[in-house]
Every structure is written in C-alpha cells, then in structure tokens.
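Participant: Handing you a structure now.
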Amino acid sequence: MLSYLVQRLASTILVMTLVGIFVFLLLHLSAGDPAAIIAGDYATPQQIVAIRQRLGLDDPLLVQFGRWALRVIQGDLGVSIFSSTPVSTLILQRLEPTLSLAILTMIFAVSIAVTLGVLAAWKAGRPVDRLLMGFSVLGFSMPTFVVGYCLIYVFAIELRWLPVQGYRPILDGIGPWFMHLVLPTVTLGLAYVALIARMTRASMQEVLEEDYIRTANAKGVSARTMLMKHALKNAGVPIITVIGIGVALLIGGVVITETVFNIPGVGRLVVDAISKRDYPIIQGVILVFSGVYVLINLAVDLSYSLIDPRIRH
C-alpha cells in the first residue's frame, strides 16, 4: 500500500506539472491582451506597452513560466492583474459558496442516484425500470443552464417558493443558506444523478445474477437485506469509481451553475477572470480544481480495498 501511495503521489505531481504547462501556454498563446483591457479603449500604444512592461508580459514565455512556476512551488498562486489581490485570497473569499454547493450536490446526487439505481436493477425490465432509466437519460442530456432556467421559472417566478438568484452565507442562518442553494443543487445534481444511477443499475444487475444472491433468496432473506447488505456492497467498486470520475462533471457544472444563479463562488471568479484575461486567477483556480480532482480520485482508488478486501494495491 505504501509503495502504491508513493507511486500515485509521484504521478499526481507529474499530472499537475503537465496541467500547469498546458494552462499557461493555452492562456498566453490565445488572443487577447490584458494590458489593453487594463488601459481602456482610449489608451495610447505607449501606455499599453508601459503596462505590459510593468506586468512582465513582454518577457519571453519561458521566463514568464519559470517565474510563475517558482511562485507556485512556494505556495504562491500569484496576484490578480486587475485587483492586485493575491489569488489565494480571492479563492478563499469565494470558497464557501462553491464548497456549499458542491457538498450539497454530492449528498443529493449520491443518495438519490444510488437509490434509483438499486430500484431499477431490482425491477429490471419493468415499467419502473424504464421510467427511471428514461429519467436518467433525460437528466444527462439536458444542458445545465437549460435545467437551471426552467427551475427558476417554475419554482422561483411562478410558484415563488424559492429565491431566484444569489447566495446567503451559512452564518446568516441555516434556513436562508439552504433555501438559496436548493435550485442550484438540483440543477447541478441532475446530470450527476443520471450518471451514477445508470452505473449503479448496471453494476447491481450483474451482482444480482450471482449464485450467492439466488441462495440468499432461496433462504428467505428479505429484499432489503439482500439488496443493501449483499448486492450493493459487492457492486460498490464500480459505483465509487463513477462517483470519483463524476467529480470532473461536477467541477465543470459549478462554473455554469454559479453563473446562472449569480452565486459569488469560485466558478464566477473564473468567468470574470476569463472576460478580463486575468491570467493569474485563471491559472490558480484551474490548478486548484485539478488538484482537488486528482486527490479525490486517489482517495477513491485507496478506498477500493476497504469496500472489497480482495483488492490489494
């Protein structure tokens, strides 16, 4: 286990290095000049050149990358070009809304999806199975922003049950905090529910055809015990895997969902930074997101031996 962990950590460092190189080159070689945006529409060429020199944007790409990489190694994600605020500070300021949305979405999606997947596998081929799988296909096919606007129209504008947009910190009270996150959570979670439910159904169906399940049925084991204790436990590895893989879907959906519902989270920070060509913010946030994704998948891999003792790393 120790050697496996060391190997995975080494591969994590390699992945993060490649991500950093790719993001840096993608941003700096694409169209757009942050110096021109800072200077404004009526700036002279001399003013733009002066801003580029002050920001170090006239240096060779290799020099810019080396300077940025050295700061990242030291834990410094850089300083925003426009606000002159450290990127780490900006991320921390926006972290609570994003974490709240992500955690609630995970809880909502996993609990609903696993339940639907187990039920669909148990009732395979019946109308309930077809209905649940049809729902999962629809949820995975609809774009996040379309789902969000539909939910806003029905539950916020027509029925007036929930707030349209915005976010309330948890310190303002659990009630307002939760009410402002209900629609974003459902919007972001639907595609995740569909993904996990389909994998749960497929994995459960395979396990339900095993001999020990038929033996349990013959001995009169209750359906609940058979499904939850025997079948689901042995079907857990593929389900946990798809939950880990779906984190990438979750991270991408956070950016869109926070934009639709005007939530001041890290996703909105990225969108604003892209529109302004604020390189340090974009690079810093993508690195953080990539690191979270890699670490979650590492944790998923390490959890296999806990779910199935037969697996040894």
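Participant: Tell me which of these residue 258 doesn't satisfy, since it passes every other one: (1) open to solvent by 10 Å² or more (accessible area, probe 1.4 Å); (2) in contact (Cβ under 8 Å) with a residue 60 or more places away in the chain.
Facilitator: (1)
Participant: Of a type in the set (D, E, K, R) and at pLDDT below 85 - does that describe any residue in segment 86-105?
Facilitator: No: zero hits.
Participant: I'm trying to understand the selection: among the residues of segment 121-139, which are surrounded by 14 or more Cβ atoms within 10 Å (Cβ to Cβ) and either at pLDDT 90 or above or out of contact with any Ser or Thr (no Cβ under 8 Å at 6 or more places or on another chain) (or both)?
Facilitator: Of everything in segment 121-139, those that are surrounded by 14 or more Cβ atoms within 10 Å (Cβ to Cβ) and either at pLDDT 90 or above or out of contact with any Ser or Thr (no Cβ under 8 Å at 6 or more places or on another chain) (or both) turn out to be 122, 123, 124, 128, 129, 132, 133, 135, 136, 139.
Participant: Turning to a different aspect of this structure: Restricting segment 16-45 to residues that are surrounded by fewer than 16 Cβ atoms within 10 Å (Cβ to Cβ) and at pLDDT 75 or above, which is nearest to residue 296 (Cα to Cα)?
Facilitator: The residue in question is 16.
Participant: Does at least one position in segment 46-58 carry a residue that is assigned to a helix (DSSP H, G or I), over 21 Å from residue 271 (Cβ atoms) and either in contact with an Asp or Glu (Cβ under 6 Å, 6 or more places away or on another chain) or at pLDDT below 75 (or both)?
Facilitator: Yes, segment 46-58 has at least one match.
Participant: Filtering segment 103-113 down to residues that are surrounded by fewer than 22 Cβ atoms within 10 Å (Cβ to Cβ) and touching a residue at least 24 places away in the same chain (Cβ under 8 Å), which residue is nearest to the chain's Cα centre (by Cα)?
Facilitator: The qualifying residue nearest to the chain's Cα centre (by Cα) is 106.
Participant: Can you tell me which residues in segment 67-77 are outside any loop (DSSP other than H, G, I, E, B) and open to solvent by 40 Å² or more (accessible area, probe 1.4 Å)?
Facilitator: Hits for segment 67-77 are 67, 70, 71, 72, 73.
Participant: Go through segment 261-293 residue by residue and tally those that are more than 20 Å from residue 24 (Cα to Cα) and open to solvent by less than 10 Å² (accessible area, probe 1.4 Å).
Facilitator: Number satisfying all stated conditions: 3.
Participant: Output yes when any residue across segment 212-219 is more than 28 Å from residue 98 (Cβ to Cβ), hydrophobic (A, V, I, L, M, F, W, C) and in contact (Cβ under 8 Å) with a residue 12 or more places away in the chain, and no when none is. Break it down stepwise before answering.
Facilitator: We begin by selecting, within segment 212-219, every residue more than 28 Å from residue 98 (Cβ to Cβ); these are 212-219.
So of that shortlist, the ones also hydrophobic (A, V, I, L, M, F, W, C) come out as 213, 216, 218.
Those still in the list that are in contact (Cβ under 8 Å) with a residue 12 or more places away in the chain too: 213, 216.
Looking for residues that are more than 28 Å from residue 98 (Cβ to Cβ), hydrophobic (A, V, I, L, M, F, W, C) and in contact (Cβ under 8 Å) with a residue 12 or more places away in the chain, one finds at least one in segment 212-219, hence yes.
Participant: Next question, about the same structure. Among the residues of segment 70-111, which ones are among the basic types (Lys, Arg) and closer than 18 Å to residue 170 by Cα?
Facilitator: Of all residues in segment 70-111, those among the basic types (Lys, Arg) come to 71, 94.
Within segment 70-111, just 94 meets the criteria.
Participant: Is there a residue being part of a helix (DSSP H, G or I), touching a residue at least 40 places away in the same chain (Cβ under 8 Å) and open to solvent by less than 40 Å² (accessible area, probe 1.4 Å) anywhere in segment 78-87?
Facilitator: First pass over segment 78-87, keeping only residues part of a helix (DSSP H, G or I): 87.
Still in the list and also touching a residue at least 40 places away in the same chain (Cβ under 8 Å): 87.
Filter again for open to solvent by less than 40 Å² (accessible area, probe 1.4 Å), leaving 87.
Within segment 78-87, one or more residues are part of a helix (DSSP H, G or I), touching a residue at least 40 places away in the same chain (Cβ under 8 Å) and open to solvent by less than 40 Å² (accessible area, probe 1.4 Å).
The values are calculated or read from the model by the stated rules, or taken from the named source; none is laboratory data. Just so you know, these numbers come straight off a predicted model, no measurement behind them. Glycine also receives a Cβ, built like all others from the backbone with ideal geometry; neighbour counts cover every protein chain displayed. Note: areas computed on protein heavy atoms with side chains; ligands, DNA, RNA excluded. Shrake-Rupley method; radii C 1.70, N 1.55, O 1.52, S 1.80 Å.
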